[in-house]
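The values are calculated or read from the model by the stated rules, or taken from the named source; none is laboratory data. Since the structure is predicted, the reported quantities are computational estimates derived from the model, not experimental observations. With ideal geometry, Cβ positions are generated from the backbone for all residues, glycine too; neighbour counts draw on all protein chains shown. For accessibility, only protein heavy atoms count, side chains too; no ligands or nucleic acids. Shrake-Rupley method; radii C 1.70, N 1.55, O 1.52, S 1.80 Å.
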There are 2 protein chains.
Amino acid sequence: MSTEYSGGGDLTFSLKVMWGGREKPTRGPKPGLSVERIVQAAIQVADAEGLAALSMRRIATELGVGTMSLYRYVPGKNELVDLMLDAAYGEDLEPDKTPEQEAEALREKGWRAGLEKIARGAWALHLRHPWILQVSQARPVLGPSSIKGLEIALRVLDGIGLDEFEMMKMITLVDGYVTGTARIIVEAGRAAQQTGVSDEQFWQAQEPFMMRLLDDGRFATLRRIADAGVFADVSGGDPSDGDGFEFGLQRVLDGIEAYVNAGPGGRGAS
Amino acid sequence: MSTEYSGGGDLTFSLKVMWGGREKPTRGPKPGLSVERIVQAAIQVADAEGLAALSMRRIATELGVGTMSLYRYVPGKNELVDLMLDAAYGEDLEPDKTPEQEAEALREKGWRAGLEKIARGAWALHLRHPWILQVSQARPVLGPSSIKGLEIALRVLDGIGLDEFEMMKMITLVDGYVTGTARIIVEAGRAAQQTGVSDEQFWQAQEPFMMRLLDDGRFATLRRIADAGVFADVSGGDPSDGDGFEFGLQRVLDGIEAYVNAGPGGRGAS
DNA sequence: CATAACTTCGTACACCGTACCCAGTAAGGG
DNA sequence: CCCTTACTGGGTACGGTGTACGAAGTTATG
């Protein structure tokens, strides 16, 4: 399932498709499909039924074409997933605005508010497209949308006293936090759909083993946590409320803010 | 590729195997294999060749047995992956020590140092077993090792003024950060092995597209970052040095520390 | 109008997880 | 002692996957 870039020679093809560098053919019949249509169909399937249900045959059926026709537009499944990723990343961007304009709008209330908005956007994106977390992203795809998003984030952090390396590290930090937390929360929420086992069945099956543990004194803290209803929240409630996410995000931003406020003098030599 | 718990009825079986609740059979031939041996072989394959190369046939070949023999010990591939996960989580734990003892050792230099150690351990774990990031973890498997790890982490944070929900959120925060960052860094580093394309080939293919962008004034900040050599670090250097990881971890811990120091009075009503 | 470029897509292959089933083995009961 | 019963090992087969190949149809160009 990992992104493998198949043949290797297709890499250039894949990049060309992503960046719109494909020249239109003059001869032959007009293409009945388009990369965009295929990507959209694929995203729809993945959104609704998960990445496991995404197969070339499935997409082709959805579009009413033969399976192999897809390969006239996309070199392979891995490349298609790359394109899906970049398309998803692009959803939050406004194509008519330059990175400068978008960053300016985000910075209106300061860099912290801007970074917060970016993080929330990314969080919402993962809720909308849970399959993003399942794709391997073996190598940064560097499509136009992800590049633009990076530029915007960099501009939001620009001019507040961080050097280039620090700016990038801050972005890695926030992105890492968002995707990591999304992984935990989102996937727990999605499980019920994906699995034939319902949430109740699952926790019921776990219960006897859990109980034996909770009665064991060695796990007293865990028991206290459980009694406080922390897990009831996780297993029962709607995970998309993002309660834990918001909390952690503020801690992360606090940490960044403290670093920024300390200034170059207040920190050790880089 | 997502963990699906196959039939559903096998869930109990899976849990029993994980928790060691299987009673030994009396009749019939002695089993020539064991769950542990299978799990170890599977982890070896996954470590060396990635999760994509992990197939039941491959594991069976590795062990010199027929493919279907594996199903005498493990209900299916998904359950096997669950077992692999818990086995990996257990590597950092000392079976002879109680959670209290391990937590005590971690807290020796304070809760922050303890949390730091836990985070570093998890980070190293992901470097050692990159495939962990590829498995879906649709539902928390709650094997003995992950439970014990949770108990230890909770004990490290216990008694410093956080309520039960806050303690759990802090753990989610740190875990989210570690896994998220690992996802970014580790997978970028692993890519070269997995792919037929070398790093040089990859960046060379990207270059023309990148260049066009970097000359565009709209991506001026990105250009500055690139010129500063930030990406050279990512693409060339050894990703396992964890430079960015350590930096972000300190920010995260700063954020937590600030929250803890503020005390119940210094924070808004929960 | 022949040709070359381009489309669509059926067939085929290697690989996957695993259901089913039968043969072989070892302990318990008579 | 043997027969029954429980168990292990594993071959075969089925329905799925990604995709290589090539045949057949379509269209603009020389």
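Along the positive direction of the dipole of the range A:18-140 (beta-carbon charges: Lys, Arg +1; Asp, Glu -1; about the Cα centre), which of A:A46, A:T61, A:W19 reaches farthest?
Checking the options against the dipole of the range A:18-140, the answer is A:T61.
Averaged over peptide B:214-224, how many Cβ atoms belonging to another chain are found within 10 Å of each residue's Cβ?
5
Between A:R224 and B:R27, what is the FRET efficiency for a Förster distance of 45 Å, r being their Cβ-Cβ separation, to the nearest 0.05?
For R0 = 45 Å, the calculated efficiency reads 0.50.
Mind checking the full-extension length gain between B:Q40 and B:M68? Use 0.36 nm per residue of separation minus the Cα-Cα distance, one decimal, nm.
Details: separation 28, 0.36 × 28 = 10.08 nm, distance 1.76 nm.
So the extension gain works out to 8.3 nm.
Between copies, how close do the B:Q204 label points come, placed 7 Å along Cα→Cβ, listed in nm from shortest?
6.0
Can you list the distances in nanometres, one decimal and ascending, from the A:D227 label point to the identical position in each other copy, with the point 7 Å along Cα to Cβ?
6.3
Could you pull out every one of the lysines with an alpha carbon less than 30 Å from that of B:K77, ignoring same-chain neighbours closer than 8 positions?
Within reach: A:K77, B:K16, B:K24, B:K30, B:K148.
Which value, in Å², gives the accessible area per residue of the range B:56-171 when a 1.4 Å probe is used on the protein heavy atoms?
41
Taking each label point as 7 Å beyond Cα in the direction of the beta carbon, state the distances from B:R72 to the same residue in the other copies, shortest first, in nm.
Inter-copy label distances (nm, one decimal, shortest first): 5.3.
Considering only protein heavy atoms and a 1.4 Å probe, what is the carbon-and-sulfur percentage of the accessible area of the range A:10-90?
Roughly 50 percent, rounded to a whole number.
Provide the three semi-axes, in whole Å and in decreasing order, of the ellipsoid equivalent to the range A:42-177 as defined by the square roots of 5 times the Cα gyration tensor eigenvalues.
Details: eigenvalues 220, 39, 37 Å².
Equivalent ellipsoid of the range A:42-177: 33, 14, 14 Å, largest first.
What average count of beta carbons from other chains do you get within 10 Å of the Cβ of residues in B:248-261? If you can, show how the numbers build up before the last one.
Details: counts 12, 3, 3, 14, 9, 2, 9, 12, 5, 4, 6, 5, 0, 0.
Neighbouring Cβ atoms belonging to other protein chains average 6 per residue here.
Taking +1 at the Cβ of each Lys and Arg and -1 at the Cβ of each Asp and Glu, which of B:Y71, B:G110, B:P95 sits farthest along the dipole of the range B:57-117 towards its positive end, judged by Cα position relative to the Cα centre?
It is B:Y71.
If packing is taken as the mean number of other Cβ atoms within 10 Å per residue, what is the order of B:61-68, B:248-255, highest first?
Answer by packing, highest mean first, reads B:248-255, B:61-68.
Please compute the average number of Cβ atoms from other chains found within 10 Å of each residue's Cβ in peptide B:128-134.
2
Could you tell me the total accessible area buried at the B-A interface, probe 1.4 Å, in square angstrom to the nearest hundred?
7800
Roughly how many nanometres apart are two label points built 7 Å out from the Cα toward the Cβ at A:A124 and B:D243?
Result: 3.5 nm between the two label points.
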